[in-house]
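Comments concern the structure below.
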Amino acid sequence: MTPEVQARYTPEVRAAVAYAAGAEPDALKDIDAFESFVHEIEVGGAPRIVKATWSGRRDAGAMQAELDFVTYLADHGAPACRPLALRSGELLDTVPCEGGGWHVTAWEKAPGTHLPRADFKPEHFRPWGELVGRFHRLGAAYRAERGPDARPTWREEIDSLALGDHNEPDMIEHYQVLREQIAAVPQDPTCFGPIHADLHHGNIHWDEEGTMRVFDFEDMIDYWFVSDLAVVLFHGIRYTQDESQEQARYDAFAPALFEGYRSEYDLAPEQYEALPLFLSEREQVIRAVILRSIPPEKRPDFLARFVEDAGKRVRAGE
């Protein structure tokens with residue numbers, strides 16, 4: 001979220017968001033403000049998550065598609081946090097403001113907590129793979145049953161994140177070449193459909209029994225299923241203090257992830273062969289989002305190092 005958009009989340013807007021969610025403004029507990037403003041409240045003694053998303057980032061049709069798909073997943077037993085009704089009785093409300101508005105949604109709060117990256121072990125990646133496979137099995141059925149949603153195309157969604165004027169025309173050129181390589185990957189309902197698109201450890205809670213619950217579907221897109229596997233692996237191996245260990249982490253985590261995935265769903269061999277393309281895409285998208293959203297003076301050291309190192313990798317074709 002750019003600083004200009006953040007400035008539009010005024011105290012008056014915040015109060016209106018709280019009202020729409022069924023709470024008082026001072027009852028909102030702030031959690032995050034990266035892609036949306038995220039709060040926690042209590043309604044009827046139970047915690048829930050409230051999100052306010054800028055209309056310039058996502059329109060109401062795309063958000064309704066997200067709500068419908070997550071409800072479908074939860075109704076079919078997938079470990080996804082369910083959307084909850086707002087004060088209006090609807091799942092989506094909009095608070096208008098100058099230049100646009102803020103789309104308000106409420107969600108179940110996931111029990112448990114994040115698994116620290118430092119604690120990752122191969123045994124965590126098998127159930128992670130099972131979870132991704134279950135989502136894709138249901139996603140393939142959802143696409144066949146419901147047809148396409150009123151959402152932007154995958155090119156519009158991904159390109160809006162990755163392309164930008166960062167005074168790096170060569171990086172844009174590298175990205176455009178990659179996009180054409182990805183566009184050539186076979187696409188049919190068995191390998192392409194609604195995906196979470198951001199299944200890293202920050203969007204998953206683990207409880208004491210080791211059960212996983214997924215939240216934050218706001219990057220949901222109709223896309224190649226293999227991209228979800230690339231996201232899990234990318235965030236499982238990148239951002240380490242010692243880059244020399246990243247290949248070893250991949251070699252340890254990938255087989256467990258694929259084993260779990262194939263226990264629920266499977267893809268044609270050429271889809272797995274395309275995995276490096278989607279790993280590279282994730283790297284380029286994350287780098288562009290950091291450049292767009294976090295000024296250099298506010299970037300933690302590990303993100304500043306990632307921006308520099310990822311640029312070198314992309315330019316070297318790695």
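Worth pointing out:
- Between the Cα long axis of helix 169-183 and the first principal axis of the chain there is an angle of about 80°, rounded to the nearest 10.
- Overall, the accessible surface of the stretch 1-124 at a probe of 1.4 angstrom is composed of carbon and sulfur to the extent of 53 percent.
- Between the helical axis of 246-262 and the longest alpha-carbon principal axis of the chain there is an angle of about 70 degrees.
- Accessible solvent surface per residue of the stretch 22-157, calculated while the other protein chains remain in place, 1.4 angstrom probe, Å²: 45 Å²
- Amide proton proximity set for Arg82, modelled H, under 5 Å, gap of 5+: Glu108
- Per-atom-type breakdown for the stretch 240-318 gives carbon and sulfur 53% of the accessible area (1.4 Å probe, protein chains only).
- Structure-derived Cα extents along the principal axes in Å - corresponding label in [x] 67, 48, 32; [y] 76, 57, 32; [z] 50, 45, 38: [z]
- Calculated FRET efficiency for the pair Asp75/Arg8, C-beta based, R₀ 45 Å, to 0.05: 0.80
- Segment Glu98..Thr190, full-extension length gain: 28.8 nm, with 0.36 nm per residue of separation and the alpha-carbon distance subtracted.
- Applying 1/(1 + (r/R0)^6) with R0 = 30 Å to the Cβ-Cβ distance of Asp309 and Gln181 gives a FRET efficiency near 0.85.
- Stretchable slack from Gln245 to Ser293, in nm (0.36 nm times residue separation minus alpha-carbon distance): 14.4 nm
- Tilt relative to the chain, helix 226-237 - C-alpha long axis, 0 to 90 degrees, to 10: 90 degrees
- Charged neighbours of Gly99, selected by a Cβ distance under 13 Å, balance to 0 (K, R count +1; D, E count -1).
- Where Glu40, Glu308, Glu270 fall by accessible area, highest first, once all protein chains stay in place (1.4 Å): Glu308, Glu270, Glu40
The values are calculated or read from the model by the stated rules, or taken from the named source; none is laboratory data. Predicted model, so just to flag it, every value in this text is computed and none were measured. A quick note on method: Cβ atoms are made from the backbone with ideal geometry, for glycine too, and the neighbour counts reach across all protein chains shown. With ligands, DNA and RNA removed, areas are computed over all heavy atoms of the protein, side chains included. Shrake-Rupley method; radii C 1.70, N 1.55, O 1.52, S 1.80 Å.
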